[in-house]
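Right, one structure below, let's go through it.
The values are calculated or read from the model by the stated rules, or taken from the named source; none is laboratory data. Please read these numbers as outputs of a predicted model, since none were measured by experiment. Here Cβ is always computed from backbone atoms with ideal geometry, including for glycine, and neighbour counts include all displayed protein chains.
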C-alpha cells in the first residue's frame with residue numbers, strides 16, 4: 001500500500017471526498033461517529049498496521065481552516081512496524097521515504113531538526129510546516145511506529 005502522500009489528507013473532514021475515498025480503500029464504509037463524551041474516534045486496521053484518529057472540529061488545538069460545526073477531522077495517522085503485539089506490520093511506502101528500524105540520529109538526518117524527545121517514553125517529534133511526525137522506538141533504539149499528525153501546539 002502506498003501511503004507516501006497520506007499527509008496531504010491531514011485536516012480533511014468527513015464527508016470530504018478524499019477522506020471518504022481513503023477510508024473506503026481501508027475498508028471503512030460506515031460513517032464515523034464520536035463516542036459519547038469523547039473528543040476523538042479511532043479507526044483501526046490491525047491487520048494492515050494502521051490506526052486513524054478523527055477528532056471533533058471543536059477539539060482541534062490549532063485549526064488551519066474553518067470546519068462545519070460537528071465535523072470529524074482527520075487528525076492523526078499511525079503506522080506500525082513489526083514490533084507491536086496488537087498490530088501487523090504496515091507493508092508499503094511510508095511518507096517522506098521513512099522506513100521502520102531507523103535510529104533517532106538517522107531520522108534527524110533525513111527529517112531535520114528534532115523538536116522534542118522523551119527518553120523514558122522512547123518517543124520523538126519533528127514539527128514540519130504542515131504536520132508533525134512522531135516516532136516511537138523499541139528498546140534497541142530503532143523506530144517501531146510513526147504518527148503523522150496535524151501541527152502540535154506547545155502550550
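Identify the residue in the stretch 68-82 that is without any contact (Cβ under 8 Å) to a residue 60 or more places away in the chain and crowded, with 18+ Cβ neighbours inside 10 Å and, among all such residues, is farthest from residue 100 (Cα to Cα).
Among residues in the stretch 68-82 that are without any contact (Cβ under 8 Å) to a residue 60 or more places away in the chain and crowded, with 18+ Cβ neighbours inside 10 Å, the one farthest from residue 100 (Cα to Cα) is 71.
If I go through the stretch 50-70 residue by residue, how many of them are more than 19 Å from residue 130 (Cβ to Cβ) and over 17 Å from the mean Cα position of the chain (by Cα)?
4
Confirm whether residue 75 is in a strand (DSSP E or B) and either modelled with pLDDT of 95 or more or over 21 Å from residue 92 (Cα atoms) (or both).
Yes: the conditions hold for residue 75.
Consider residue 85 against the criteria (1) in contact (Cβ under 8 Å) with a residue 40 or more places away in the chain; (2) part of a loop (DSSP other than H, G, I, E, B); (3) within 16 Å of residue 46 (Cβ to Cβ): it satisfies all of them except one. Which criterion is unmet?
Of the numbered conditions (1) in contact (Cβ under 8 Å) with a residue 40 or more places away in the chain; (2) part of a loop (DSSP other than H, G, I, E, B); (3) within 16 Å of residue 46 (Cβ to Cβ), the odd one out for residue 85 is (1).
Would you mind stating whether residue 62 is out of contact with any strand residue (DSSP E or B) (no Cβ under 9 Å at 6 or more places or on another chain), part of a loop (DSSP other than H, G, I, E, B) and within 30 Å of residue 82 (Cβ to Cβ)?
Working: out of contact with any strand residue (DSSP E or B) (no Cβ under 9 Å at 6 or more places or on another chain): yes; part of a loop (DSSP other than H, G, I, E, B): yes; within 30 Å of residue 82 (Cβ to Cβ): no.
In short, no.
Sort out which residues of the stretch 88-112 are in a helix (DSSP H, G or I) and farther than 20 Å from residue 138 by Cβ, and write them in order of number.
95, 96, 97
Could you please give the count of residues in the stretch 1-58 that are part of a helix (DSSP H, G or I) and surrounded by 15 or more Cβ atoms within 10 Å (Cβ to Cβ)? Working first, answer last.
Let us first name the residues in the stretch 1-58 that are part of a helix (DSSP H, G or I), namely 6-9, 17-25, 57-58.
So of that shortlist, the ones also surrounded by 15 or more Cβ atoms within 10 Å (Cβ to Cβ) come out as 6-7, 9, 19-20, 22-23, 57.
Counting residues in the stretch 1-58 that are part of a helix (DSSP H, G or I) and surrounded by 15 or more Cβ atoms within 10 Å (Cβ to Cβ) gives 8.
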